[in-house]
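**Q** Please read through the structure below; I'll follow up with questions.
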Amino acid sequence: MPTGSWSAYVRGQRPFDRRAAQCYRLLAIQGMAIVALIWALGFGYRGQDIDPVLAVLAGIVATALLLRWRGLAHLAAGLEASALVLAASMAVACLSVLVAALGAPYQDNLLAGADRLLFPFLSWPALARAAGADARLMAAMCWVYSTLLWQPFLLIALLAALGRFDRVWHFVRAWMLALVLSVAIFALMPAVTAYVHYGLSPADSPFLTVNAGWRPAQIIADLRSGAIRELGVGQMAGLITFPSFHAAGAVLLGWGFRRVPLIGIPFLLLNAAMLPTIPVIGSHYFVDVLGGIAIALLAIVGSDRDDGRRWRYLKRATSGLRRTEPRTDG
């Protein structure tokens with residue numbers, strides 16, 4: 001083996017992908033916020049619940065860095081990106097518990113009022129009761145809604161296998177930024193969820209298998225009353241109502257899958273179909289979905305490392321408008 005080749009083998013490849021730097025910065029900010037809130041609120045910390053998960057995720061990241069150093073960039077990107085998505089989701093779940101304990105006023109009246117203003121032709125309680133009585137419809141909607149749990153990892157694996165590393169990291173940065181924006185808004189605008197606000201009970205939706213309506217409301221009430229003063233896995237139950245991260249996730253996944261060969265269009269349609277399931281299955285107001293869509297769009301733009309690209313898009317749009325204007329010269 002030539003000396004140069006042996007030297008390259010010993011050194012390996014650069015283990016850290018700079019495109020992931022923003023992800024680590026966002027994760028560090030979340031971690032510092034969690035520590036500060038635990039200290040400020042006097043919360044306990046169930047290390048036996050959380051520490052093993054953190055250790056596994058750290059091990060996955062370390063393995064990914066080693067694999068990239070040895071030249072296995074595709075596998076490394078898939079593992080590292082997946083671990084960061086899981087870590088960010090866990091961090092935001094912790095943050096949502098802590099900020100819910102701050103006791104900001106509930107905003108259900110405001111959100112319900114926005115629904116009536118923007119969607120006067122829709123009644124949330126009537127829609128929920130009608131859908132909740134149909135077993136097949138609810139089973140299909142619950143399945144579509146729950147695909148958010150595994151779709152990000154499939155997308156990351158496919159993009160990494162195809163070698164589209166820029167897209168992998170743009171997606172992960174956007175996903176993490178959308179999570180951070182969602183929990184920041186939730187801190188100011190908590191809600192008891194639509195099912196609780198409108199007085200519906202589990203008996204009104206006997207075929208609803210996703211308990212996104214009543215359990216989160218009870219956890220928030222216990223956090224406010226002081227019945228829960230410890231941060232653990234049991235409290236991480238999707239407490240955010242506005243904006244809907246499910247809606248943000250559906251938009252981000254549709255955007256991410258859109259150019260994946262063969263399955264891109266079917267998954268784009270799947271995520272489009274997810275949006276109308278969110279109010280009933282996720283116990284969200286209609287306006288929560290709009291908020292989630294807006295968060296996703298902001299996250300896509302805000303996580304783009306190519307700042308000039310946004311200006312190029314704007315320039316193209318404005319130049320197109322100029323071409324369509326009638327000429328006024330003689």
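**Q** Within segment 151-199, how many residues turn out to be buried (at least 24 other Cβ atoms within 10 Å of the Cβ) and either free of Cβ contacts under 8 Å to residues at least 24 places away in the same chain or among the small types (Gly, Ala, Ser) (or both)?
**A** 5
**Q** Across segment 115-137, what is the total count of residues that are assigned to a helix (DSSP H, G or I) and more than 23 Å from the chain's Cα centre (by Cα)?
**A** 15
**Q** Need pairs with beta-carbon distance below 8 Å; first residue in contact (Cβ under 8 Å) with a residue 24 or more places away in the chain and within segment 50-78, second assigned to a loop (DSSP other than H, G, I, E, B) and of a type in the set (Phe, Trp, Tyr); sequence gap 6+ or separate chains.
**A** If the second residue must be assigned to a loop (DSSP other than H, G, I, E, B) and of a type in the set (Phe, Trp, Tyr), the pairs left are Leu65/Phe16; Arg68/Phe16.
**Q** Still on this structure, please answer the following. How do the helices (runs of 4 or more DSSP H) wholly within segment 200-316 filter down when requiring 1 or more residues that are in contact (Cβ under 8 Å) with a residue 40 or more places away in the chain and over 20 Å from Tyr145 (Cβ atoms): which remain?
**A** Ranges flagged: 214-225, 286-302.
**Q** Still on this structure, please answer the following. Of the numbered conditions (1) surrounded by fewer than 18 Cβ atoms within 10 Å (Cβ to Cβ); (2) more than 20 Å from Val168 (Cα to Cα), Ile263 fails exactly one; give the number of that condition.
**A** Going through (1) surrounded by fewer than 18 Cβ atoms within 10 Å (Cβ to Cβ); (2) more than 20 Å from Val168 (Cα to Cα) one by one, Ile263 breaks only (2).
Let's see how each residue does on (1) in contact with a Lys or Arg (Cβ under 8 Å, 6 or more places away or on another chain); (2) of a type in the set (S, T, N, Q):
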{"site": "Pro52", "(1), (2)": "no, no"}
{"site": "Thr63", "(1), (2)": "no, yes"}
{"site": "Ala76", "(1), (2)": "yes, no"}
{"site": "Ser82", "(1), (2)": "no, yes"}
{"site": "Ala87", "(1), (2)": "no, no"}
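**Q** Out of all the residues in segment 23-45, which are surrounded by 18 or more Cβ atoms within 10 Å (Cβ to Cβ) and within 20 Å of His74 (Cα to Cα)?
**A** Cys23, the sole residue that qualifies.
**Q** Residue check: is Thr147 of a type outside the set (Gly, Ala, Ser) and modelled with pLDDT under 95?
**A** no
**Q** For residues in segment 41-100 being in a helix (DSSP H, G or I) and touching a strand residue (DSSP E or B) at 6+ places or on another chain (Cβ under 8 Å), which is nearest to Gln151 (Cα to Cα)?
**A** Within segment 41-100, the match that is nearest to Gln151 (Cα to Cα) is Cys94.
The values are calculated or read from the model by the stated rules, or taken from the named source; none is laboratory data. Bear in mind the structure is a predicted one, so any value in this text is a computation, not a measurement. In this analysis, Cβ positions are derived from the backbone assuming ideal geometry, glycine residues included, and neighbour counts consider all displayed protein chains.
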